[in-house]
Amino acid sequence: MIDFHQVDKHYGQFHVLKSIDLHVQEGEVVVVVGPSGSGKSTMLRCINRLETITSGGLTVDGITVNERKTDINTLRKEIGMVFQHFNLYPHKKVIDNITLAPIKVLGLSKAEAEKTAMYYLDKVGIADKAQSYPSQLSGGQQQRVAIARGLAMKPKIMLFDEPTSALDPEMVGEVLDVMRALAKEGMTMVVVTHEMGFAREVADRVIFMDQGQIVEEAEPEQFFASPKEERTRTFLSRVL
Ligand code: ADP
Ligand code: MG
C-alpha cells in the first residue's frame, strides 16, 4: 500500500531522509518511533506529498507520488492525516468541520455528507457534540473530531503524527482507544507516537528512526524485548 524505495530528501543542504526503504501492506499498522528531529514527520508528510522527495521511488496504492502527471487530489483522497494540533476550523461547528471536504472534494450532497459525518462522530464516541464549536470541546474530543474528519473521506490509509502529544494525560487514552479500534477494523495505518504501550500492543511492526535513517524495524515483541541496534537500546532506555 505504501512503498518507499531508497528515498532521500534534503532540506537545502540538510540531508533529512537517508535511503529510506519502507513497505506497508494493506491493513498493516506501522508505528514509527525515534528522537525528535530524526525525520519522522518528514517521512510521513512525503506520503501525501506535503513534502517532496529528492530521489528514490515512492508509491501509494500504485500511485507514483512524485510523478508530474499524478493528480495530488487523487492521491490525497486515499490518505487521511491527523496531526498533533487538531487543525479544526474554530469558526465552524464540529459537523461542518467534517462535511466540508466530502462536499467539496467528493461532491457529496449536504445531506449525504451529514449522514456520513454523524456515522463517524458516533464511531469516535462524540455524536452529541455535532452542533458544538471546537472551542467547546476538550483536547481529546477535538482530536476525535479530527479523526472522524479524516475517516469521513473514506481513505485507504490513515497517517497519525503524534496525535496525543498535545493532550493532557487524562485524554490520551480516549484517542488511543479510537485508533486501536480503527486498527482492529483493518485500516492501514502509519503512526508516529511516543506512546510505547500503544506501539507494543497495536503495531504489527515498529520502526525506529534516528538521524534520517531507519535504524531498526521489528515486530513489537522483539523490538522491545531484544532490540538489535545500540542506538535503539539507548533510545528505549530513555523512554521506557
Ligand atoms: P521529527 O518529526 O522526527 O521530530 P522532522 O521530520 O520534523 O523530525 O524534522 C527532521 C529534521 O528536519 C529536523 O532537524 C528539522 O529541524 C528539519 N526540518 C523539518 N522541516 C524542515 C523544513 N521545512 N526546512 C528545513 N528543515 C526542516
Ligand atoms: Mg515530528
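Couple of notes before you dig in:
- Number of the exception - residue 48 against (1) within 16 Å of ligand 1 (Cβ to nearest atom); (2) within 30 Å of residue 136 (Cα to Cα); (3) crowded, with 16+ Cβ neighbours inside 10 Å: (2)
- Members of the range 10-60 found to be away from ligand 2 (no atom under 14 Å from the Cβ) and of a type in the set (Lys, Arg), listed by number: 18, 49
- Residues being modelled with pLDDT of 95 or more and within 20 Å of residue 131 (Cα to Cα) are entirely absent from the range 72-80.
- Residues within the range 192-214 that are touching a helix residue (DSSP H, G or I) at 6+ places or on another chain (Cβ under 7 Å) and under 21 Å from residue 25 (Cβ atoms), tallied: 10
- Of residues in the range 65-99 being at negative phi and of a type in the set (S, T, N, Q), the one surrounded by the fewest Cβ atoms within 10 Å (Cβ to Cβ): 73
- Those strands (runs of 3 or more DSSP E) lying entirely in the range 143-240 with at least 1 residues within 16 Å of ligand 1 (Cβ to nearest atom), surrounded by fewer than 18 Cβ atoms within 10 Å (Cβ to Cβ) and among the polar types (S, T, N, Q): 213-218
- Residue pairs meeting the criteria (Cβ under 9 Å; at least 6 apart or on separate chains; first under 11 Å from residue 164 (Cβ atoms), in the range 175-198; second modelled with pLDDT under 95): 194/239
- For the range 35-59, taking the residues that are among the hydrophobic types (A, V, I, L, M, F, W, C) and free of Cβ contacts under 8 Å to residues at least 60 places away in the same chain, the one that is nearest to residue 17 (Cα to Cα) is identified as 53.
- All helices (runs of 4 or more DSSP H) inside the range 1-115 with 1 or more residues being touching a helix residue (DSSP H, G or I) at 6+ places or on another chain (Cβ under 6 Å): 94-104
- Between 115, 110, 129, 123, the distinction of being over 21 Å from residue 79 (Cβ atoms) and surrounded by 15 or more Cβ atoms within 10 Å (Cβ to Cβ) belongs to 129 only.
The values are calculated or read from the model by the stated rules, or taken from the named source; none is laboratory data. Here the structure is a predicted model, which means the values were calculated and not measured. Positions of Cβ are generated from backbone atoms using ideal geometry, with glycine treated the same way; all protein chains shown enter the neighbour counts.
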